[in-house]
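The values are calculated or read from the model by the stated rules, or taken from the named source; none is laboratory data. The structure presented is a predicted model; accordingly, all values stated were derived computationally and were not measured. Counting neighbours? That spans all protein chains shown, and the Cβs are built from the backbone with ideal geometry, glycine included.
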Amino acid sequence: MNPWSFYPWQARTLELMMNKASDNSSSVAPPGIPIWLVLLAAGGTFALTMGVRQSMGLFLSALNTSTALGVGSISLAFAFGQLWWGLTQPFAGAIADRVGAGRVIFVGILLVALGTFITPLMSTTAGLIFAIGVLAAGGAGMAGTSVLMAASARLVPAQKRGLATGIVNAGGSFGQFAMAPIAIGLTAAVGWASAMQWLGVILLLALPAVWVLKGNSRALAAQAAATSGLKPLSAREAIRQALATPSFVYLSLGFLVCGFHVAFLATHLPSVVAACGLPPEVGGWALATIGLFNIIGSLAMGWAVGRWRMKSLLALLYAIRGAAVLIFLLAPKTPAVMLIFAAVMGVTFLSTVPPTAGLVVKMFGTANMAMLFGIVMLAHQIGGFLGAFLGGYVFQATGSYDWVWYIDIVLAVGAALVNLPIREARLPLASRGAA
């Protein structure tokens with residue numbers, strides 16, 4: 001069923017533009033740049049930015065000891081970073097759609113590196129909010145999911161977009177898997193403050209990706225307009241139509257819950273490990289395990305979005321999360337249980353991104369994808385703010401994370417249900433394979 005069938009005045013225009021954009025998308029990659037290099041650049045950038053950000057929870061205890069601010073205040077800085085990362089992405093996406101992804105990614109990488117480098121120098125809540133929440137998080141939003149996914153969708157053929165988003169997403173997962181042990185090793189070798197600063201320096205390895213990912217989606221829209229005679233949608237028109245689409249709203253609500261899960265685990269899992277009486281290194285390996293198994297989940301989901309309905313895949317992922325948390329609460333807290341739980345959560349951790357991005361492209365095409373996916377990511381990070389902040393607030397108030405886990409289960413069930421009404425057009429048989 002056409003997701004725009006209940007808006008007849010705009011359905012035909014959008015359908016023609018999306019079809020023309022898809023027809024022309026197989027030849028938009030710059031000459032001489034192979035697809036594997038595009039995916040390496042986008043996935044590598046995501047690996048470095050996501051790896052560093054998702055490893056910051058390892059430094060929460062050291063920051064608390066150094067600053068004596070309290071877990072609640074430090075969690076506020078992390079929570080603000082989750083929110084600011086989301087707020088940055090629609091604007092970064094809109095700019096990248098028009099002036100080019102390369103320039104936006106360049107500024108973003110520098111800001112993440114700077115914010116990470118100066119964090120150990122901060123001794124107040126305001127200082128941590130500025131370093132972690134404004135500079136590092138804002139830069140990660142500029143060199144993050146919406147811009148990287150849109151650049152990949154623009155530079156690869158339409159029939160390979162699902163797998164491409166899975167590969168790029170797996171890059172972020174690999175970054176988390178690789179960076180957590182690196183952060184632990186650096187901390188043991190040079191101390192937590194120098195370790196964090198070295199992570200900021202390592203981020204600069206992403207700078208060569210700027211050249212590969214340069215360009216913008218408006219050129220693609222111009223091709224479609226020249227062929228069809230239709231004027232491309234402006235940013236304001238695209239936002240208005242997206243927010244008037246119930247399926248887009250349902251998708252965003254589900255992704256808000258995803259943000260709650262991801263931010264809570266990334267920020268507080270090491271503290272959860274400590275609260276269970278387990279050695280600190282279990283926390284680092286749990287984060288690494290999430291990253292490792294998220295690679296598997298991301299690649300599998302990139303393959304699956306071309307064969308099954310994306311809304312059904314999302315509902316399944318959220319249901320698995322809720323069941324995993326419930327079983328974890330009932331199980332004995334041993335290192336083996338912790339790592340198994342991390343593995344299950346890792347499979348679902350960011351594997352929601354390929355079907356979510358795929359639904360945005362399916363409904364609206366690629367011309368404004370970075371901006372529209374940035375809006376969905378904003379919803380994700382509102383959830384991330386709540387997950388990071390409530391984790392610290394509830395623990396400080398009750399001495400336990402139990403109530404956060406209960407909220408997590410309820411939200412997972414709600415996210416699974418809210419994705420079911422999404423109106424998704426059935427994929428052509430050629431794209432769906434044998435399904």
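Before we move on, is residue 135 of a type outside the set (Phe, Trp, Tyr) and free of Cβ contacts under 8 Å to residues at least 40 places away in the same chain? Spelling it out, residue 135 is indeed of a type outside the set (Phe, Trp, Tyr) and free of Cβ contacts under 8 Å to residues at least 40 places away in the same chain.
Only residues that are surrounded by fewer than 20 Cβ atoms within 10 Å (Cβ to Cβ) and either assigned to a helix (DSSP H, G or I) or at pLDDT 90 or above (or both) were counted across the stretch 395-420, and they come to 14.
Looking at the stretch 186-205, can you tell me whether even one residue there is surrounded by fewer than 20 Cβ atoms within 10 Å (Cβ to Cβ), β-branched (Val, Ile, Thr), at pLDDT below 65 and part of a helix (DSSP H, G or I)? Looking through the stretch 186-205, none of the residues is surrounded by fewer than 20 Cβ atoms within 10 Å (Cβ to Cβ), β-branched (Val, Ile, Thr), at pLDDT below 65 and part of a helix (DSSP H, G or I).
I need the full set of residues from the stretch 40-50 which are at pLDDT 85 or above and of a type outside the set (S, T, N, Q), in order please.
Our first condition is that a residue be at pLDDT 85 or above; within the stretch 40-50, this holds for 40-49.
Across the stretch 40-50, the qualifying residues are 40, 41, 42, 43, 44, 46, 47, 48.
Beta carbons closer than 8 Å, at least 6 apart along the sequence or on distinct chains, pair a first residue in the stretch 332-345 that is among the hydroxyl-bearing types (Ser, Thr, Tyr) with a second that is surrounded by 15 or more Cβ atoms within 10 Å (Cβ to Cβ) for 334/278. Considering (1) part of a helix (DSSP H, G or I); (2) modelled with pLDDT under 80, the lone condition that residue 216 does not fulfil carries the number (1).
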